[in-house]
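Before any comments, here is the structure.
The values are calculated or read from the model by the stated rules, or taken from the named source; none is laboratory data. Note that the coordinates shown come from a computational prediction; the quantities given were computed from them, not determined experimentally. Using ideal geometry, Cβ is built from the backbone for each residue, glycine included, and neighbour counts are taken over all protein chains shown. These accessible areas exclude ligands, DNA and RNA; they are computed on the full protein's heavy atoms, side chains included. Shrake-Rupley method; radii C 1.70, N 1.55, O 1.52, S 1.80 Å.
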Amino acid sequence: MERLYWLNQIEQQDRAKVGDKAFNLSRLLQRHYPVAPGFVISADVTREFLSNLNTETLITDLPYSSLHLDTSNWRQLQQVANSLRQEIMIATVPSAWVNTILDAASQWKASCLIFRPTVAMPANNSLIEDLSGLLESQVCWSDSTDIGSALKRSWSQLFRARSLLYWQKIGIDLRQINFAILVQPLWDAAKSGLLVTNSEFLEVQATWGLEIAIAQGEVNADYYKINPNGIIIEQLLGDKILAYKVKDNPQVSLNQASIITETESNCLVATLVEQAKQQQFALSQDELQQLLDLTHQLTSELGTNFSYEWTILENTQTLYLTKIIFPRSALSNSLLFIKGLGAARGQITGTAYVITNFQEKPGELPRDTILVASSITIDWLPLIQKSRGIITETGGLTSHAAILARELGIPAVVNANKATKLIRNGDKLSLNGDNGEIKNVKGNHLYLDANLRQEAKPLRASGTMEKLDSSFKTSKAGESQDFTSSMQIFAPSSTKLMVNLSQTNSIEQVQSLPIDGVGLLRSELMAISFLDGQFDIWHSEERRAEVYANWCKQILLFAQAFTPRPVFYRSLDLRFSEVQTSLVSHSLGERGTFSYLQNSQMFEFELAALAQVQQAGFDNLRLVLPFVRSVEEFIFCRQKVEVAGLNHIPQFQLWIMAEVPSVLFMLPEYIKAGVQGIAIGTNDLTQLLLGVDRELQQLRKTLDERNPAVMRAIRQLIETARSHHIPCSICGQAPVLYPEIIDQLVQWGITSISVEPEALVRTSRAIVRAEQRIILEAARRIS
């Protein structure tokens, strides 16, 4: 026995090993519902025990035998069942297993334990909702002898005559049954019962002591029928003549006069209920209300069609859930719940398209698809443009998946651990880019955490911009607004507000907003859509001419849409491995202007396209050089710009991205060499200053732009730019992820802030608030 599975640690992939009952309770416990602690002895242990039995030929293949019996022959069926169960009961459970269980259970300081069968069955089988009548819980003392016996009694239930008959009746052989055991402390109960709910009303049964009296039909429990508003429709006093109680230990006896009978385990006794208590309802009004409140909370998670068993402890009066039961319709699905990191806002449903091999990127995706992959690079953009959402197993808020999704206005969840293994191709998913939740959907119902069901509500984008939709939505809950009302939200400010773009289909949605231009036009993302990831265009003159025409057209569309407002075009910033994914990925590669020195063809190609747009009459283009490592690299590029004739237009400016830390110390030299402005790229600046790869979500807490070192660097860049009278913009993710830093940026004198479309409204508000505070503080100083 390699391990025990504790309820508070069970994960989605453990479901087959721990069974449905334990899995459901674990989901509730992990959501902070009142579930008693426990651990699971997995189905693997059951198989290992059965496979080691010293049996006759009849069962030598256990647990892999399908036991093809003639179930119409009751004599044969009973003989086989008795033989199988006898072999199990005379076998020896390894002492190491028993000691492991005893050690784990000792932390509860409970004299008695309950072993609850928990089974995972084939999802496509019409299994009844509840196997409690077939597989019963076993109670034992918390000692090594009783634990071994309880284990064998639990396992032997698989081979009772009625069990064998049932398995054959529903077409299941033993190989398909994942039989595990949930072990929990058995504390004495003051009262217990069952609650059943549906869309019209709920029913409550309650009795004194443990719920076993109701399950075995030995009492008529108190009964309540309650409507959804909490009003009692019907209330009947039951006939509760006996109650099951837990003995504290084997040596201590209860009042013999009150004992009716002791159970086989000697751990439970049935006692007579005092006459006065028989005439009382077991539940007080407060306890009934507590059950109603709990049910209301569960309904928000599970829907309105479920039931659960509950108990209120004798000593502490604590309420616990002991079992949750669902209709078969909720069990038949292959369900999941995955929690990742919400990286691009919005909520959508769609069909999963899972890519398990990162190298095998498909040519296209089916319609309404949610792309699921281990990670993505920028050459996936044409593929992503056709998807409704993105899920990746790795990456953080500044990863390519996150940036591309925000650029395209589609929801994304990154760092969704084992998503490509847990999600199957064709699964219907609900994707929430706001909170990072991924859920399975079937029809009009939303399934949570394998079997936890929630009524599906109509989903609409929140904080995203739907493609070719004229509405513009803010990203804050409750602030979704159409374009006209959004216009009224933008207040004038001294600090310029700009937008980061790359896709022409986003132009229409933002061009009429009162913003100050495009602060970052990512050329590599703009071009990827018509390059299909192939940047080597020099082998064919025809191909080169085709790409050149498309390149000019794309730039022209941006320049035309925003004129006279400036468009800051950032030239290509590619890691070689990003566009040729068969190569080993390098963290930095030959990216930025260094690659222009190695081969200037592509840079000269871009400059020619920019010049072509200038010649078409548009003077609002600006050029930003990416990832500049040295003044020499900048001078090389400036000379190329001069040859292309771009600086013949007076309005033209040549900027650099301030993202390599050396710029902090060399900015005055860059300015002397001709730099006319800087754009702070917080994504790269942060990872280089802190030595953290932004694609590694494991280090997300370290990769924080609010780190004092990063904030000091940003302040130094802004103040140096101001002292040399050149503009300074910030276009990384920092203002989006941490809008609270906008106060400091404005105070230090940032010229402009450029963000994704979904963040425009809240960034505008933050800028205005920051400027108002500065004005107010200045006024107070004067007065």
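Apply the a/c threshold of 1.5 to the C-alpha gyration tensor of the stretch 80-216 and tell me whether it is rounded, prolate or oblate. Judged from the Cα gyration tensor, the stretch 80-216 comes out oblate (a/c at least 1.5, b/c at or above a/b). Working note: Karplus 6.51/-1.76/1.60 with θ = phi - 60° gives the stretch 33-45 the couplings 7, x, 10, 5, x, x, 9, 10, 8, 6, 4, 5, 5 Hz, where Gly and Pro are set to x. Is the C-alpha gyration tensor of the stretch 625-783 telling us rounded, prolate or oblate? Criteria: a/c under 1.5 is rounded; beyond that, a/b larger than b/c is prolate, otherwise oblate. In terms of gyration-tensor shape, oblate. Taking amide H atoms as placed 1.01 Å from N in the peptide plane, the amide H of residue 571 lies under 5 Å from those of 624, each 5 or more residues away in sequence or on another chain. By definition, a body whose alpha carbon gyration tensor gives a ≥ b ≥ c is oblate when a/c is 1.5 or more and a/b is not larger than b/c, and the stretch 358-414 fits this oblate description.
Most tightly packed first, judged by the mean number of other beta-carbon atoms within 10 Å of their residues, the peptides 226-236, 405-415 read 405-415, 226-236. Take 371-378, 33-40 and order them by the average number of nearby Cβ atoms within 10 Å per residue, most first; the result is 371-378, 33-40.
How large, in percent, is the carbon and sulfur part of the accessible surface of the stretch 588-665 at a probe radius of 1.4 Å? Accessible surface attributable to carbon and sulfur in the stretch 588-665 totals 52 percent.
Across the stretch 147-153, coupling constants 3J(HN,Hα) worked out from phi with the 6.51/-1.76/1.60 Karplus curve, θ = phi - 60°, read 5, x, 5, 5, 4, 5, 4 Hz, and Gly and Pro carry x. Checking the table 109/339; 17/245; 109/240; 169/421; 21/247; 225/323 against a 23 Å threshold on Cα-Cα, which pairs fail? Among 109/339; 17/245; 109/240; 169/421; 21/247; 225/323, the Cα-Cα distance tops 23 Å for 109/339; 17/245; 109/240; 169/421; 21/247.
For the stretch 623-687, the Cα gyration tensor yields ellipsoid semi-axes of 21, 12, 10 Å (square root of five times each eigenvalue, largest first, whole Å). Distance from the alpha carbon centroid of the stretch 628-676 to that of the stretch 171-203 works out to 70 angstrom. When Rg and the Kirkwood Rh are both derived from Cα coordinates, the Rg/Rh ratio for the stretch 612-655 amounts to 1.00.
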